[in-house]
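Each remark here refers to the structure printed beneath this line.
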Amino acid sequence: MKHVIIGTAGHVDHGKTLLVKALTGIDTDRLVEEKKRGITIELGFAHLDFDDGTQAGIVDVPGHEKFIKNMLAGAGGIDLAMLVVAADEGFMPQTVEHLGILSLLGIREGLVVITKCDMVDPEWVEMVKEDVRAQTAGTFLEGKPVYTVSAYTGQGIAGLRSKLGELVRQASEKNLRIPFRLPIDRVFSVDGFGTVVTGTLIEGALAVGDMAEVLPTLFQARVRNLQVHGKDVDTAFAGQRVAVNLAGTKKADLARGDTIARPGSVRKSLMLDVRLQNLKNSQRTILSGSQLHLYHGSSVRLSKVVLLDRDALQPGESCYAQLRMTEELAAKCGDRFVVRFYSPLETIGGGVVLDDSPARHKRGDSRVLEALAIRESGSGDERLEQTVAEQGCALPGLDKLAGLLGREAEELAEELGALCAAGKLLEPLPRRYLAGSVFDRLWDTCRGLLEQYHKQNPLHAGMKVAELRQKLLKGADQAVADALLAALAREGKIKAVADRYALAEFTVRLTKRQTAIRDRILQSYRKAGLETPGLDEIYGMFEAKEQTDCKQVVESLVSGGGLVMLTPQLCIHREVYTDVCRRTAEHFAGSQELTLAEFRDMLSTSRKYALAVLEYYDKNKILKKEGDLRRPGPAFSGLEQRDAAL
């Protein structure tokens with residue numbers, strides 16, 4: 001599923017917040033001061049639900065020039081922009097500044113919304129539309145749709161909502177292989193939960209239980225709980241607004257401008273090498289040595305700009321530069337940023353990070369300029385990425401790649417880490433790598449296999465792991481195959497169900513009669529406990545016309561783990577199996593061996609059923625038989641929590 005953030009932009013009092021309310025029903029102004037003054041001061045958040053089930057987050061930013069800092073804190077995660085222009089005023093200074101900021105942040109999709117159209121004549125609206133087209137010429141909004149609406153009367157809102165839904169569906173899916181990263185824009189405490197931070201997850205996937213590193217302070221905390229749009233989730237994905245409850249932290253430990261990320265995936269630094277651009281409509285020349293305010297993610301740093309190949313950067317020009325900050329900043333190569341003049345505060349430019357932890361450079365050093373050109377073009381990494389891709393799914397290690405490229409392993413390790421952080425390579429097993437392009441092809445094949453399997457077996461929970469390994473990764477080492485399947489599952493493309501894998505969106509759908517049969521079968525097995533009837537007796541409970549459905553339902557229950565098939569004729573309810581596993585684990589907590597007689601007495605059952613369970617354990621390597629004794633096997637660990645898939 002795609003996860004997209006829509007962001008508003010535009011001059012103060014042009015109706016951004018009221019427009020969001022008209023679209024979503026949510027008032028994003030939450031502060032008393034905002035209500036009192038009638039303007040947005042802080043970032044506001046809402047979500048927009050579309051008829052097809054698609055959902056997008058909305059970030060409503062303040063338009064007043066005094067709150068540009070707050071606007072920038074939320075603009076970094078925007079995928080689609082709504083530039084809002086009031087019909088009674090047209091383009092204003094903050095409209096121009098916001099449009100420049102959106103362009104500097106690399107946003108490429110969006111539209112223009114002319115609000116308050118009920119307040120002016122239609123002829124005036126047409127004049128404003130012409131002005132909008134002129135003002136957006138040469139920007140990413142040139143040629144993009146222009147919608148005329150009134151949030152008060154509802155005019156044009158339905159059409160705008162429909163167009164936003166279309167743009168959301170067309171948006172590119174984000175790369176979920178990149179380690180998670182979330183710039184913090186709010187920190188607060190919740191009674192009974194503790195410290196909560198919010199932000200837009202700009203990269204990767206974040207799950208409950210993950211360890212998160214807070215940058216730049218570098219302390220770590222476990223993710224206790226996650227919410228997206230006010231609902232608890234197990235995993236959040238890039239492109240979602242997320243509230244993160246961090247265990248064991250205090251509100252004073254965190255602040256807006258901090259970042260949480262997977263430990264070790266982001267570096268902090270006092271310097272950045274960048275491609276710096278001075279906006280063409282800027283009124284300032286950027287001189288080497290100038291003090292600038294640097295806006296990155298939700299953070300702000302005072303920085304000195306060192307132009308590496310010239311003394312001055314004129315409006316409309318760009319060059320390589322080094323930004324030297326007074327406080328450490330956590331950034332990654334490829335990140336976008338904005339710079340504002342030191343005094344008076346006005347947006348003058350921005351650019352892209354080329355090196356997130358450089359050495360201090362001398363100006364005019366040709367070697368530095370050549371190295372930055374390679375970093376900017378990416379050619380330095382292309383050969384390494386290609387070499388990994390040529391190895392297919394073999395997952396070459398560091399030493400293997402060093403040998404193929406004739407380079408030192410230690411030197412190569414940093415580059416591999418950077419490519420993994422950029423999502424171009426994956427590391428399914430420690431220090432073993434896979435090209436993103438190979439992974440994409442693997443997913444295409446896997447999807448085709450599972451789609452065909454689901455079509456042929458609609459009542460099965462999925463394809464058995466062993467079968468999928470054989471068909472998808474024939475000849476691969478089992479550890480490699482399992483790591484690749486696990487990587488597909490982590491990205492939410494497939495899901496594990498008992499001892500099977502299925503497409504993430506697949507669900508077993510039973511007919512009304514099949515549902516009634518399933519409920520009756522489960523009730524019978526639950527009531528029987530361990531001493532269950534054979535399958536033939538179960539089938540005999542149903543009329544001849546129900547036999548086909550009955551057999552299919554049993555297959556579905558076994559594949560989904562609702563029933564555990566001990567032998568071809570003997571199944572038990574999953575709850576019964578779980579209880580047997582718990583009691584078995586308790587026995588081995590005080591002993592390292594077990595006899596059939598002991599097991600029979602422990603379960604208060606007959607030899608027949610005790611032996612069936614033990615032989616099932618033997619087959620699945622949970623226990624191993626040594627003469628008349630059973631001892632823990634390779635798969636015994638954590639038996640009391642084991643699923644019926646074992």
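Summary table
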quantity: Residue count for segment 207-216, restricted to those that are touching a residue at least 40 places away in the same chain (Cβ under 8 Å) and in contact with a helix residue (DSSP H, G or I) (Cβ under 9 Å, 6 or more places away or on another chain); calculated: 1
quantity: Neighbours by Cβ (under 6 Å, 6+ apart or cross-chain): first from segment 353-379, free of Cβ contacts under 8 Å to residues at least 40 places away in the same chain; second outside any strand (DSSP E or B); calculated: I374/G380
quantity: Every pair of residues 6+ apart whose Cβ atoms lie under 6 Å, when the first sits in segment 391-404 and is open to solvent by 60 Å² or more (accessible area, probe 1.4 Å) while the second is polar (S, T, N, Q) and not in a loop (DSSP other than H, G, I, E, B); calculated: L404/T387
quantity: Scope segment 364-375; condition loosely packed, with under 15 Cβ neighbours inside 10 Å and charged (D, E, K, R); matching residues; calculated: D365, R367, E370
quantity: T198 vs. criteria of a type in the set (S, T, Y), at negative phi and either assigned to a strand (DSSP E or B) or within 19 Å of the chain's Cα centre (by Cα) (or both); calculated: yes
quantity: Residue that is nearest to the chain's Cα centre (by Cα) [pool: residues in segment 279-311 that are hydrophobic (A, V, I, L, M, F, W, C) and assigned to a loop (DSSP other than H, G, I, E, B)]; calculated: L279
quantity: All positions within segment 144-169 that are in contact (Cβ under 8 Å) with a residue 24 or more places away in the chain and part of a helix (DSSP H, G or I); calculated: I157, L160, R161, K163, L164, G165, L167, V168, R169
quantity: Test for V508: is it in contact with a strand residue (DSSP E or B) (Cβ under 6 Å, 6 or more places away or on another chain) and open to solvent by 20 Å² or more (accessible area, probe 1.4 Å); calculated: no
quantity: Segment 419-474: number of residues that are touching a residue at least 12 places away in the same chain (Cβ under 8 Å) and of a type in the set (D, E, K, R); calculated: 8
quantity: Leading residue by the ranking (modelled with the lowest pLDDT) among those in segment 487-503 that are among the hydrophobic types (A, V, I, L, M, F, W, C), open to solvent by 30 Å² or more (accessible area, probe 1.4 Å) and outside any loop (DSSP other than H, G, I, E, B); calculated: V497
quantity: Selection within segment 568-602 - surrounded by 15 or more Cβ atoms within 10 Å (Cβ to Cβ), hydrophobic (A, V, I, L, M, F, W, C) and under 46 Å from the mean Cα position of the chain (by Cα); calculated: L570, C571, I572, V576, V580, C581, A585, F588
quantity: Members of segment 201-252 found to be of a type outside the set (A, V, I, L, M), outside any strand (DSSP E or B) and closer than 21 Å to I26 by Cβ, listed by number; calculated: H229, G230, G239, Q240
quantity: Residue within segment 540-557 that is open to solvent by 70 Å² or more (accessible area, probe 1.4 Å), part of a helix (DSSP H, G or I) and in contact with a Gly (Cβ under 8 Å, 6 or more places away or on another chain) present; calculated: no
quantity: Single match in Q592, Q547 (criterion: farther than 26 Å from S524 by Cβ and of a type in the set (S, T, N, Q)); calculated: Q592
quantity: Residues of segment 229-242 classified as out of contact with any Gly (no Cβ under 8 Å at 6 or more places or on another chain) and not basic (K, R), total; calculated: 5
quantity: Some residue of segment 31-43 being among the hydrophobic types (A, V, I, L, M, F, W, C) and at pLDDT 75 or above; calculated: no
quantity: Test for K424: is it buried (at least 17 other Cβ atoms within 10 Å of the Cβ) and either within 23 Å of the chain's Cα centre (by Cα) or over 21 Å from C333 (Cα atoms) (or both); calculated: yes
quantity: Qualifying position, being within 21 Å of R267 (Cβ to Cβ) and among the hydrophobic types (A, V, I, L, M, F, W, C), among V368, V388, V438; calculated: V368
quantity: Candidate set: segment 98-150, residues that are open to solvent by less than 10 Å² (accessible area, probe 1.4 Å) and of a type in the set (S, T, N, Q); chosen: the one nearest to V274 (Cα to Cα); calculated: T136
quantity: Considering residues of segment 325-359 that are closer than 19 Å to L287 by Cβ, surrounded by fewer than 20 Cβ atoms within 10 Å (Cβ to Cβ) and not small (G, A, S) only, the residue nearest to the chain's Cα centre (by Cα); calculated: M325
quantity: Filtered residues of segment 185-195 (kept if open to solvent by 10 Å² or more (accessible area, probe 1.4 Å), assigned to a loop (DSSP other than H, G, I, E, B) and touching a strand residue (DSSP E or B) at 6+ places or on another chain (Cβ under 9 Å)); calculated: F193
quantity: Top-ranked residue of segment 211-232 - restricted to ones that are among the hydrophobic types (A, V, I, L, M, F, W, C) and open to solvent by 40 Å² or more (accessible area, probe 1.4 Å), ranked as nearest to I58 (Cα to Cα); calculated: M211
quantity: Meets criteria (touching a Lys or Arg at 6+ places or on another chain (Cβ under 8 Å) and acidic (D, E)) for E346; calculated: yes
quantity: Count - residues of segment 559-575 that are assigned to a strand (DSSP E or B), farther than 20 Å from K495 by Cα and in contact (Cβ under 8 Å) with a residue 12 or more places away in the chain; calculated: 6
quantity: Residue, surrounded by the most Cβ atoms within 10 Å (Cβ to Cβ), within segment 611-646, restricted to residues that are modelled with pLDDT under 90 and outside any loop (DSSP other than H, G, I, E, B); calculated: L639
quantity: Near pairs, Cβ below 7 angstrom, 6+ apart or cross-chain, from segment 310-321 (closer than 17 Å to E376 by Cβ and open to solvent by 30 Å² or more (accessible area, probe 1.4 Å)) to any residue that is among the aliphatic types (A, V, I, L, M) and in a strand (DSSP E or B); calculated: S318/L276
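Results for (1) over 30 Å from L484 (Cβ atoms); (2) at pLDDT 90 or above; (3) hydrophobic (A, V, I, L, M, F, W, C), shown as yes or no for each residue.
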{"site": "E123", "(1), (2), (3)": "yes, yes, no"}
{"site": "V128", "(1), (2), (3)": "yes, yes, yes"}
{"site": "P145", "(1), (2), (3)": "yes, yes, no"}
{"site": "G154", "(1), (2), (3)": "yes, yes, no"}
{"site": "G159", "(1), (2), (3)": "yes, yes, no"}
{"site": "R181", "(1), (2), (3)": "no, yes, no"}
{"site": "M211", "(1), (2), (3)": "no, yes, yes"}
{"site": "V214", "(1), (2), (3)": "yes, yes, yes"}
{"site": "G230", "(1), (2), (3)": "yes, no, no"}
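Residue-by-condition table, conditions (1) in contact (Cβ under 8 Å) with a residue 12 or more places away in the chain; (2) within 15 Å of A330 (Cβ to Cβ); (3) more than 20 Å from the chain's Cα centre (by Cα):
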residue	(1), (2), (3)
F180	yes, yes, no
P183	yes, yes, no
G194	yes, no, yes
I202	yes, yes, no
A205	yes, no, no
L218	yes, yes, yes
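The values are calculated or read from the model by the stated rules, or taken from the named source; none is laboratory data. All values reported here derive from a predicted model rather than from experimental measurement. Neighbour counts are summed over all protein chains in view; Cβ atoms, including those assigned to glycine, are modelled from backbone coordinates with ideal geometry. With ligands, DNA and RNA removed, areas are computed over all heavy atoms of the protein, side chains included. Shrake-Rupley method; radii C 1.70, N 1.55, O 1.52, S 1.80 Å.
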